[in-house]
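To start, the structure under review is shown below, and the notes come after it.
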Amino acid sequence: MIKKAVLPVAGLGTRFLPASKATPKEMLPIIDKPLLQYAVEEAIEIGVEEIIFITSNEKHSIEKHFQENIDMANRLIKSGKKDYLEKLNPKVFSDIKFHYINQNNQNGLGDAVLHAKEIVGDDSFAVLLPDDLFISNISCLSQLIDTYKKTNSSVIAVNKIDKENIHKYGVINPGIKEHDAILIEDIIEKPKADEAPSDIAVCGRYIFTSLIFDHLEATNFDKSGEIQLTDAIKSLINNQKVHARLYDGEKFDCGSKKGFVHATIALALRDNSISKDISKIIKEII
Ligand code: G1P
């Protein structure tokens, strides 16, 4: 149903310097898997066949990571470590077409998504912001698909955010309930706490109809010199219904050090091979 996913990964990763100097921040691991791979797997799980990375010249390791590594596979076989082969070259990746498009200027999230226009064409598509890591029985993207099937409209994942943090997000003005979702009346990017229309904020998963591209093209640079995806959504609402689906599950903002460490601890405590030790270590430290 949704066969293409766009993953913007061109950011500088300033908050993770010096770790992000030679390694893209999206490649930093949560336990033993790069952050980016969690989002890629979430997309593949819903049936996506083409992954479009909006990237920058510097980030070759992303391309390398999603390519088959035959040399290392042979070395693993020779040294009797066959069990690791699936981790090295996951079977699911072999059927996926990975595209890499350079976003040469840091012109914002809207500009990044617009770079995928040609490859996406007329199809509806998903956008995943890899900084946001979601842990739930039914993945965040699956929850969006569920709504999309009923509404056939663009659908955005949202969650409730406290007042102190609302200024970090796109925030919706909620309208009526339709199916299991909220019809969006309006949306504003990073409002001040007292100007936020609600406490319902956009988290990093979206499904768009291809009409979003027309609105992205018509969107002007904002005060900070960026083309905001949120501004294009605001304009799309005048043409087509856009729904918000309240995400059910845990979310970690791995774009911040706090969220990154939180995700690391949360996932370590779920990893059977280390959870007991980690929980003991945490108790000792406290
Ligand atoms: C972006 C979007 C924002 C959204 C957020 C979710 O902001 O512009 O609307 O709420 O992702 O993580 P960023 O975090 O890239 O500044």
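The values are calculated or read from the model by the stated rules, or taken from the named source; none is laboratory data. Fair warning: this is a prediction, and the values are worked out from it, not measured in the lab. Cβ coordinates were reconstructed from backbone atoms using ideal geometry, including for glycine residues, and neighbour counts include every protein chain displayed.
Quick notes
- Filter pass, VAL127 being of a type in the set (Val, Ile, Thr), buried (at least 22 other Cβ atoms within 10 Å of the Cβ), under 19 Å from ASN107 (Cβ atoms) and within 13 Å of the ligand (Cβ to nearest atom): yes
- Residues located in segment 239-286, provided they are among the polar types (S, T, N, Q) and within 26 Å of VAL202 (Cα to Cα): ASN239, GLN240, SER256, THR264
- Residue within segment 247-260 that is over 15 Å from GLY108 (Cβ atoms), in contact with a Gly (Cβ under 7 Å, 6 or more places away or on another chain) and of a type in the set (Phe, Trp, Tyr) present: yes
- Considering only residues in segment 230-275 that are among the hydroxyl-bearing types (Ser, Thr, Tyr) and within 20 Å of ARG15 (Cβ to Cβ), the one that is farthest from the ligand (Cβ to nearest atom) turns out to be THR264.
- Filter pass, ILE278 being at pLDDT below 95 and more than 14 Å from the ligand (Cβ to nearest atom): no
- Being of a type in the set (Lys, Arg), surrounded by fewer than 23 Cβ atoms within 10 Å (Cβ to Cβ) and more than 14 Å from the ligand (Cβ to nearest atom) holds for only one residue in LYS160, LYS150, LYS168, and it is LYS150.
- Restricting attention to segment 107-134, the residues that are under 11 Å from TYR247 (Cβ atoms) and of a type in the set (A, V, I, L, M, F, W, C) add up to 1.
- Verdict on LEU35 being closer than 17 Å to ALA266 by Cβ, touching an Asp or Glu at 6+ places or on another chain (Cβ under 6 Å), at pLDDT 95 or above and not charged (D, E, K, R): yes
- Those strands (runs of 3 or more DSSP E) of segment 164-235 in which 3 or more residues are of a type outside the set (D, E, K, R) and free of Cβ contacts under 8 Å to residues at least 12 places away in the same chain are absent.
- Restricting attention to segment 85-102, the residues that are loosely packed, with under 10 Cβ neighbours inside 10 Å and touching a helix residue (DSSP H, G or I) at 6+ places or on another chain (Cβ under 9 Å) add up to 1.
- All positions within segment 210-243 that are polar (S, T, N, Q) and in contact with an Asp or Glu (Cβ under 6 Å, 6 or more places away or on another chain): SER210, THR219, GLN228, THR230
- Enumeration of residues in segment 173-188 that are within 15 Å of the ligand (Cβ to nearest atom), surrounded by 20 or more Cβ atoms within 10 Å (Cβ to Cβ) and either under 19 Å from LEU141 (Cα atoms) or among the charged types (D, E, K, R) (or both): ILE184
- Matching residues in segment 1-38 - criterion: being in contact with a Lys or Arg (Cβ under 9 Å, 6 or more places away or on another chain) and small (Gly, Ala, Ser): ALA10, GLY11, GLY13, ALA19
- Of LEU133, LEU128, LEU88, LEU141, all but one fail to be without any contact (Cβ under 8 Å) to a residue 40 or more places away in the chain and under 28 Å from LYS33 (Cβ atoms); the exception is LEU88.
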